[in-house]
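Beneath this line is the structure, given in structure tokens, with notes to follow.
Bear in mind these aren't lab numbers, they're just calculated from the coordinates by the rules spelled out. These numbers come from a predicted model, not from an experiment. Cβ atoms come from the backbone with ideal geometry, glycine included; neighbour counts cover every protein chain shown.
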Amino acid sequence: MIRSLRQRPWSDSLLALACTGAALLLAGIFFFLLWDLVRPGIGGLSWQFVSTLPAAAGRDGGIAPVIVSTLLILGVCLALSVPVALGTAIFLAQQQRGLPWAAWTRRSLDLLAAVPSVVFGLFGAVVFCELLGLGYSIAAGGLTLACMVLPFMIRAAEDGLRAVPREYHLAANALGLSQYRLLGAVILPAAAPALLAALVLAIARALAETAALLFTSGYVLRMPSSLFDSGRTLSVHIYDLAMNVNGGERNAYRSALVLLVLLLLINTATHTLSRCLSGKARI
Amino acid sequence: MHANPVADPAARFTGSNATGHSCAQSVPAADAAPALTLRDVTVAYHDRVVLRDVSLQLAVGRVTALLGPSGCGKSSLLQCCNRLSDLIDGCRVQGNIRVFGEDILAAACDLRRLRKRVGMIFQKANPFPLSIRRNIELPLIEHGVRDAQQRDHIMEKVLRDVGLWQEVRDRLQAPAQSLSGGQQQRLCIARALALAPDILLMDEPCSALDPIAGGRIEELIGELRGRYSIVLVTHNLFQARRVADDVALLWPMPDGSRLLEFAPRETIFSAPQHELTGLYLRGAMG
Ligand SMILES: Nc1ncnc2c1ncn2[C@@H]1O[C@H](COP(=O)(O)OP(=O)(O)OP(=O)(O)O)[C@@H](O)[C@H]1O
Ligand SMILES: [Mg+2]
């Protein structure tokens, strides 16, 4: 009925088509990947698979120790990286143009973000495993992952903090609010969705990592009894089953599916948290 | 922050009251102790002087309109009066500014206390992205009002003062951003009033609003007269004429803007001392 109003020049239509096409292509790739995992993996995927010990080098049995190691390594990684990243991001975001070494920090972070994860693995093997004497352990793996995701996390968090309008700074200062209160009561709540998004991306990176962990947390398949035991993550497990274990494909696919579900869970949880936080911020 | 060597007596604009004498003649209500005294205030950004030797005395309880062409440094002048200039990269302030006799450019000045005494309203309403209630609570908590009941009491009072109480009493938990532009600006005024300031600096508080919402703010300024000393930056000469008791006109000069004239409203509109003032106030220039 209002079609005539909606007539657009052909270049606009072309652009719209190209963008929609790109989006569809991406969605297509994702669903193809999902299908590729689900088809061979879904059969035999059960509670038992995630809750029992592996047998025959992972060919048979479940992946309970792998899931535990994954969560422990992720926990160590986040316990170190989140506070350090938040502190550094706050520091960097507060600098207007500022100190020369803020610029240097930023530049080195950008460089570090581009360093391949194998290099972080070697670094972790030397520093955490040998110098700190942690050996092949979940602690060493988590610390190495923390170093790996830190640059990325810091820059994403800094961008999130900088996106908070400057008016709030001026308003807060004009009211005599302390920097502490400005940060805690205004800036952090306003930036919370962006910070959580950065967190989710960092977690996804950490969960996907294999190379850095092979040198640091090792690939022992036993149930870890402490942070100083070696343990393998889901990604390492998938890699190992696919490359080194004859007949390991079925369980590799199942593990990949579990990894995907884990990511989905973390993603949903963070989104919910983000919604709650910004909802609460408004109250 | 006061290290910028800017004085160049030879280049001084002879018609200005840079030396303070022509100002002294026109200080309104000279018998009352001044709320705000500026003496030879010079402001520079990265060594570019934007304001030179501005001297003013604002009497208690009066509304002073600060006029001048765009970019002549009106906002910069306001920002010196609550030291918001400290936050601005490269901004340097020289001279002497006193709030009820207290030197606020001194290093020992307590900024928190200063900003409690000297409130500021910005051109664009800037409530925090929090609830209406929280917007007013936050500064109260910061300034030590521990008792929640007392905070509620103050909140109701200031929201009534700005004529917002009836409109928001049932939705104090709603986000401040859900208010209209005019309501947001009134909320910002209420937030400033909650701290019981002595002086209110208002930087074009109506210019982002439609005439009705702007008119509402203007009325409000009229109501606040007497209880607060108000500096009102505006480009609206009619507004200045309607609400101001005194009018100050800044004028850009090649080496930084000067205070061209400062006088009670009736005087400056009917018998300006400078030709430029007359032209500007008749809307023929600027
Ligand atoms: N942060 C800053 N850094 C450098 N120069 C600035 C800065 N802020 C303002 N200036 C300069 O100072 C001069 C005065 O600016 P100011 O904002 O005080 O003018 P104004 O009178 O408030 O103008 P308007 O009526 O348009 O709001 C302008 O020439 C501007 O370019
Ligand atoms: Mg301005």
- [ ] Return a whole-number percent for the relative contact order of chain B, with Cα pairs under 8 Å and 6 or more residues apart as the contact set.
- [x] 26
Open item on the list: Using +1 at the C-beta of Lys and Arg and -1 at the C-beta of Asp and Glu, which of B:Leu140, B:Pro272, B:Leu232 has the Cα lying farthest in the positive direction of the dipole of the protein assembly as shown?
Closed with: B:Leu140
Open item on the list: Just want the answer: with Cβ charges of +1 for Lys and Arg and -1 for Asp and Glu, which residue in A:Ala174, A:Pro116, A:Ser230 is farthest toward the dipole's positive end in the range A:47-277?
Closed with: A:Ala174
TODO: Could you size up the charge dipole of chain B around its Cα centre, putting +1 on the beta carbon of Lys and Arg and -1 on that of Asp and Glu, and report it in debye to the nearest 20?
DONE: 480
Open item on the list: Between helix B:132-142 and chain B, what is the angle of the helix's C-alpha long axis to the longest principal axis, kept within 0 to 90° and rounded to the nearest 10?
Closed with: 70
Open item on the list: On C-alpha positions alone, give me the angle between the axis of helix B:211-224 and the longest principal axis of chain B, in degrees, nearest 10.
Closed with: 80
- [ ] Could you please state, rounded to a whole Å, how far the C-alpha centre of the range A:221-272 is from the C-alpha centre of the range A:48-97?
- [x] 11
Task: Farthest toward positive dipole pole in chain A [+1 Lys/Arg, -1 Asp/Glu at C-beta], among A:Ala156, A:Phe215, A:Leu260 - done: A:Ala156
Task: Sites A:Phe32 and A:Gln179, calculated FRET efficiency, Cβ-Cβ separation with R0 51 Å, nearest 0.05 - done: 0.55
TODO: Note down the nm distance, to one decimal, between modelled labels 7 Å out along Cα→Cβ at A:Leu99 and at B:Lys124.
DONE: 3.0
Open item on the list: Please report, in whole Å³, the volume per residue of the convex hull around the C-alpha atoms of the protein assembly as shown.
Closed with: 240
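How shielded is A:163-174 by partner chains, expressed as the average number of their Cβ atoms within 10 Å of its Cβ atoms? Don't jump to the answer; show the numbers that get you there.
Details: counts 0, 1, 3, 2, 6, 5, 3, 7, 12, 6, 9, 17.
Whole-number average of other-chain Cβ neighbours for A:163-174 is 6.
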TODO: Have a look at A:Ser51, A:Ser235, A:Ser13 and tell me which one the Gaussian network model of chain A (Cα, springs below 10 Å) gives the largest fluctuation.
DONE: A:Ser13
Task: In degrees, nearest ten, helix A:234-244 long axis to first principal axis of chain A (Cα) - done: 40
TODO: Report, in debye and to the nearest 20, how large the dipole of the range A:123-258 comes out about its Cα centre when Lys and Arg carry +1 and Asp and Glu carry -1 on their Cβ.
DONE: 220
- [ ] Could you work out, residue by residue across B:191-201, how many beta carbons of other chains sit within 10 Å of that residue's beta carbon, and then give the average as an integer?
- [x] 1
Task: Taking only Cα atoms of the range A:47-277, radius of gyration then Dmax in Å - done: 20.0, 69
Open item on the list: Can you compute the label reach from A:Val84? Point 7 Å from Cα along the Cβ direction, backbone N cut-off under 19 Å, restricted to the range A:216-243.
Closed with: A:216-218, A:227-228
- [ ] State to the nearest 20 debye the size of the charge dipole of the range A:47-277 about its Cα centre, where the only charges are +1 on K and R beta carbons and -1 on D and E beta carbons.
- [x] 400
TODO: Compute the FRET efficiency between B:Asp210 and B:Ala148 as 1/(1 + (r/R0)^6), taking r as their Cβ-Cβ distance and R0 = 41 Å, and round to the nearest 0.05.
DONE: 0.70
TODO: Mind checking B:74-83 for the average number of partner chain beta-carbons within 10 Å of each residue's beta-carbon?
DONE: 1
- [ ] Could you check which residue among B:Ser76, B:Ser207, B:Ser180 shows the biggest mean-square fluctuation in a GNM of chain B with a 10 Å Cα cutoff?
- [x] B:Ser180
Open item on the list: Cut-off 10 angstrom, C-alpha nodes, Gaussian network model of chain A. Which of A:Ile154, A:Ile67, A:Ile42 fluctuates the most?
Closed with: A:Ile42
Task: For the protein assembly as shown, calculated [θ]222 nm from helices alone, where every DSSP H run of n ≥ 4 adds -39500 (n - 2.57) - done: -16500 deg cm²/dmol
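From Cα pairs below 8 angstrom and at least 6 apart in sequence, can you work out the relative contact order of chain A, rounded to a whole percent?
For chain A, the relative contact order is 26 percent.
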